[in-house]
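Chemist: Got a structure for you, questions after.
The values are calculated or read from the model by the stated rules, or taken from the named source; none is laboratory data. Predicted model only: the values in this text are computed from it and were never measured. Don't worry about glycine lacking a Cβ; one is built from the backbone with ideal geometry, like all the others, and counts go over all protein chains shown. The area values use the complete protein model at the heavy-atom level, side chains included, leaving out ligands, DNA and RNA. Shrake-Rupley method; radii C 1.70, N 1.55, O 1.52, S 1.80 Å.
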Amino acid sequence: MKNTLGIIIGFDSNNDLRELSEHRPVASVPFGGRYRVIDFMMSNLVNSGCYQVAVLMRDKYQSLLDHLGSGKDWDLSRKRGGMFLLPPNAFAPKSSPLVTENYRTSLEALGSISDMLNKNKSEHVLICSADIVANIPLDEVMKEHKKSEADVTIVCTKNSEGGAFDMFLDLSPRHEVEDIRNGDNMGGKCKYKSMGIYIMKRKYLQSLLSDCVTHNLRSFERDAMQHVFKRGDKVHGYVFDKYSAKIENVKGYFSASMDMLDKDIRDQVFLKNRPILTKIYDEAPTYYGEDAEVSDSLIADGSRIEGTVKNSIIFRGCTIAKDAVVKDSIVLPNSSIGEGVELSYVVTDKGVTVRENRKMVGGATYPVAIAKNATV
C-alpha cells in the first residue's frame, strides 16, 4: 500500500440530504457524535498503510478544508506523500481534453488531475467515494487484487444500507465479474452492490481516462466501468461482508446514524486495531444535571444535559434544557434545545436553537431536518 495513491471523491453529484447539505458536501456531514462521513474512508486508507491521499473537491468545500486541515490527525502531514486537497481547477484547465472548468462527475474530476497522475510514481491507485460508512481492510483488497491479476477490482457488498446505488454486479464463484448493471438493477438479477471503491494500476487509469475521452464517456460508475467490462478487461469483485451504509439522503443518514446505537454494528465499524480517526477537539466532559435522564444514546463531550434523552445522538457543545425530551433524534454540534421542548425523529444541523415548549415530530422514514443556525 505504500506504493498506492488513494483518491477520495469528496463531492457528490446527486444527493437528497436537503438542509444538511446546503452548506457542505456529504463528505463533511457530521456523523456518529464526533465524526464526519469522510473520516471513515480517510481512516480506511491510513489504517491500510496508504499515506498518499488526494481529496477531490468541487463546491461548498470550506467545511471540508476546515475539517481536514493539514491531515495531521490522520498522520498525513508528511514531507513525502501525505494529503493533497484538490479543489476545482487545481491544475491548468486545458491540461486534458476531459477537463471542464466546473466538472460535474467523478470521471471529469479524475480527468482534471491528469497532470498529477503523470507526475506521481505510485504503481496503483485506489479510487473511493467519501459517502460510505464502513471499516474496510483495503490492504486485504489490494492483496486479493494482485492475486487475481485483474485489471480492475471493485469492492462490493450485499449488506449495505441506504442510498441509491449506481452499479450492481454479478460474480462467478471465483469472484470474477460476469455482469454489470446500472440504475435499478433490472429486477435484482445482480446480487452485489458496488461500494464505489476501485483498485487499478495508475497507468491503466491514465489509459482508461484517455479512452473515455475518445468515446465521449462522462460517468465513471455508469460509463467507464461498463466500457471496461464490455471491451473484455478482467474485472474482479471483492466482497465486503461487514456493515456498511451509503449516505445519500436524509433517510439513509438517519438510519445509518441510528445503527450506531446498536453495539453489534458499532463493533463492526469501530475496531481497536483499525480505529476511525477524526479531528481532535479538547472539550470538558459532558455535564449531567440532577434531573437528567439518558438511555440508549451516544453523547459527545462538551455538552450539558438537564432534560431527557432517549435513543438519540447528541454531538459536542449541545445543551438539552430542563424538562426537554429528545427521543429518536440527532442533535448536531452547538445546538440548544430549550425547556419543555419535545423532539422525535428530528435532525438538527449545527447551531440550531429550538425555543421553549416547541414540539416537533417526524418519522423514521421521513425525519424532520432543521437547517444550520436556524431558530425554531
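Chemist: How far, in nm, would the chain grow between Leu65 and Lys147 when pulled straight, counting 0.36 nm per residue and subtracting the alpha carbon separation?
Modeler: The Leu65-Lys147 span can extend by a further 25.8 nm.
Chemist: Could you go through region 251-256 in sequence order and give the Karplus-derived ³J(HN,Hα) for each residue, using 6.51 cos²θ - 1.76 cosθ + 1.60 with θ = phi - 60°, rounded to whole Hz, and x for Gly and Pro?
Modeler: Values, residue by residue: 4, x, 5, 5, 5, 5 Hz.
Chemist: Students often get this wrong, so check it: of Lys193/Lys242; Lys158/Lys203; Lys279/Lys327; Lys79/Lys119, which have C-alpha atoms separated by over 24 Å? Mind dumping the intermediate values first?
Modeler: Details: Lys193/Lys242 13 Å; Lys158/Lys203 31 Å; Lys279/Lys327 28 Å; Lys79/Lys119 16 Å.
Cα-Cα > 24 Å for Lys158/Lys203; Lys279/Lys327; rest within.
Chemist: Here's something else I'd like to know. Between Ala284 and Arg358, how many nm apart are label points set 7 Å from Cα along the C-beta direction?
Modeler: 2.6
Chemist: Same structure again: Go through 266-275, 61-70, 108-117 and give me the packing order, highest mean Cβ count within 10 Å leading.
Modeler: Values: 266-275: 13.4, 61-70: 16.9, 108-117: 21.4.
Averaged packing, sorted descending, gives the order 108-117, 61-70, 266-275.
Chemist: Could you state the angle between the C-alpha long axis of helix 138-148 and the longest principal axis of the C-alpha atoms of the chain, as a value from 0 to 90 degrees rounded to the nearest 10?
Modeler: 20
Chemist: May I ask you to list the aspartates and glutamates whose Cα is less than 16 Å away from that of Lys146, ignoring any residue fewer than eight positions away on the same chain?
Modeler: Result set, ordered by chain and number: Glu123, Glu176, Asp233.
Chemist: Give me a comma-separated list of calculated 3J(HN,Hα) values for region 215-224, in order, Karplus coefficients 6.51, -1.76, 1.60 applied at θ = phi - 60°, integers in Hz, x for any Gly or Pro.
Modeler: With the stated coefficients, region 215-224 comes to 9, 6, 8, 10, 10, 5, 6, 7, 9, 5 Hz.
Chemist: So what's the angle, to the nearest 10 degrees on a 0 to 90 scale, between helix 202-214 and the longest Cα principal axis of the chain?
Modeler: 80
Chemist: If you line up the long axis of helix 38-47 against the longest principal axis of the chain, both from Cα atoms, how many degrees apart are they, to the nearest 10?
Modeler: Once rounded, one gets 60 degrees.
Chemist: For the chain, with a Gaussian network of springs between Cα atoms less than 10 Å apart, report the residue from Arg174, Arg78, Arg222 with the top mean-square fluctuation.
Modeler: Arg174
Chemist: Using label points projected 7 Å from each Cα along Cα→Cβ, tell me how many nm separate Lys263 and Ala371, to one decimal.
Modeler: 4.2
Chemist: Taking 0.36 nm per residue of separation and subtracting the Cα-Cα distance, what length does fully extending Glu339 through Lys2 add?
Modeler: Contour length minus the Cα-Cα distance gives 116.0 nm.
Chemist: Still on this structure, I have one more. Less than 11 Å from a label point 7 Å out along the Cα-to-Cβ axis of Asp16: which backbone N atoms in region 238-277 qualify, by residue?
Modeler: Those under the cut-off are 248-252.
Chemist: For region 225-351, what is the relative contact order in percent, using Cα pairs closer than 8 Å and at least 6 residues apart in sequence? Mind showing how you got there, number by number?
Modeler: Numbers: 237 pairs, mean separation 17.8, N = 127.
For region 225-351, the relative contact order is 14 percent.
Chemist: Shifting gears a bit: Residue-wise, which Karplus ³J(HN,Hα) couplings in Hz belong to region 107-124, taking 6.51 cos²θ - 1.76 cosθ + 1.60, θ = phi - 60°, and x for glycine or proline?
Modeler: Per-residue couplings from phi come out as 5, 5, 5, 5, x, 6, 10, 4, 5, 5, 4, 5, 7, 6, 9, 5, 6, 10 Hz.
Chemist: Nearest-5 percent of antiparallel DSSP beta bridges in region 1-133?
Modeler: Around 10 percent of the beta bridges assigned by DSSP in region 1-133 are antiparallel ones.
Chemist: Which of the peptides 287-293, 297-303 is most tightly packed, and how do the rest follow, judged by the mean count of other Cβ atoms within 10 Å per residue?
Modeler: 297-303, 287-293
Chemist: Quick one: ranking Asp264, Asp166 by accessible area, 1.4 Å probe, largest first, what do you get?
Modeler: Asp264, Asp166
Chemist: I want to make sure I understand the PRE zone here: with the label point 7 angstrom from the Cα of Asn273 toward its beta carbon, which residues in region 135-150 have backbone N atoms less than 18 Å away?
Modeler: It comes to 135-144, nothing else.
Chemist: Let me know the charge dipole size of the chain about its Cα centre in debye, to the nearest 20, where only the beta-carbon of Lys, Arg (+1) and Asp, Glu (-1) is charged.
Modeler: Value, rounded to 20: 1240 debye.
Chemist: Can you give me the C-alpha center-to-center distance between region 209-250 and region 251-319, rounded to a whole angstrom?
Modeler: Each part reduced to its Cα centre gives a spacing of 35 Å.
Chemist: Here is a further query. How high is the relative contact order of the chain, in percent, with contacts defined as C-alpha pairs under 8 Å that are six or more residues apart?
Modeler: Reported relative contact order: 16 percent.
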